[in-house]
Amino acid sequence: MSDQIPQTTEQHQIEALKQAVRSQFDEISQYKMANANLREELEASYKDVINRDAEINKLRLSQNLPNLTQLSKIVHKANAKWWQDIDTGEPLKRNKGECLSLIHSEVSEALEGERKSLMDDKLPQYPMAPVEIIDTIIRCLDYLAGFHPDVDVQEVFDAKMAYNATSEDHTHEARKIARGKQF
Ligand SMILES: [Mg+2]
């Protein structure tokens, strides 16, 4: 025979509420566990990126290939004429906004190339879009060496790649939720 005291309606309601709270706690702890697993996966992929970057850096050094910092200086040197006064040859103080707009313009040219499936007019052996993307990269590297000569471009690149690999709003899961990044 049960020694439990028969419960009133109120006690039933309290029990039901307690049960609901308990199951919510269960749900939260399941969510926390899933999150911890996701975090572990992200950390593993972060380590993969770091290791891969270290490998690429080693390869780059062993083959004497320039890293992005050196490449930006090389591009800047090749573009030196754009940083000089056309009459006097004296160094020119360039406008950051204008230079950033010129980067936009290269991306817009790439868009036109893709929209109309054009071949490049200056290098007709290549499609226009890749050539314009390269123009974009050249302008970006020139900008970095011209306006931020003390910044280690390769270091920033490596840091941003590692960050992107672990950034939660870049995961497929986060992108599926409402207002997640769609592209
Ligand atoms: Mg162009």
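The values are calculated or read from the model by the stated rules, or taken from the named source; none is laboratory data. Owing to the predicted nature of the structure, the values given are computational and were not obtained by experimental measurement. Positions of Cβ are backbone-derived with ideal geometry, glycine not excepted, and every protein chain shown enters the neighbour counts.
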Fill in: Considering residues of the stretch 108-120 that are on the phi < 0 side of the Ramachandran plot, more than 10 Å from the ligand (Cβ to nearest atom) and outside any helix (DSSP H, G or I) only, the residue surrounded by the fewest Cβ atoms within 10 Å (Cβ to Cβ)
LYS116
Fill in: Out of ASP48, ASP53, sole residue that is in contact with a helix residue (DSSP H, G or I) (Cβ under 9 Å, 6 or more places away or on another chain), surrounded by fewer than 14 Cβ atoms within 10 Å (Cβ to Cβ) and not assigned by TED's automatic domain parsing to the domain that holds ASP150
ASP48
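So if I check each of SER101, SER105, which one is outside any loop (DSSP other than H, G, I, E, B), exposed (fewer than 12 other Cβ atoms within 10 Å of the Cβ) and hydroxyl-bearing (Ser, Thr, Tyr)?
SER101
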Fill in: Residue list for the stretch 124-174, filter: within 16 Å of the ligand (Cβ to nearest atom), farther than 22 Å from ASN95 by Cα and touching a Lys or Arg at 6+ places or on another chain (Cβ under 9 Å)
MET128, VAL131
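Yes or no, residue by residue, for (1) within 16 Å of HIS148 (Cβ to Cβ); (2) among the hydroxyl-bearing types (Ser, Thr, Tyr); (3) within 16 Å of the ligand (Cβ to nearest atom):
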site: LEU61; (1), (2), (3): no, no, no
site: ASN67; (1), (2), (3): yes, no, no
site: SER72; (1), (2), (3): yes, yes, no
site: ASN79; (1), (2), (3): yes, no, yes
site: GLN84; (1), (2), (3): no, no, no
site: THR88; (1), (2), (3): no, yes, no
site: LYS93; (1), (2), (3): yes, no, no
site: CYS99; (1), (2), (3): yes, no, yes
Worksheet, complete the sentence: Note: among ARG179, ARG139, just one is on the phi > 0 side of the Ramachandran plot and without any contact (Cβ under 8 Å) to a residue 60 or more places away in the chain, namely ARG179
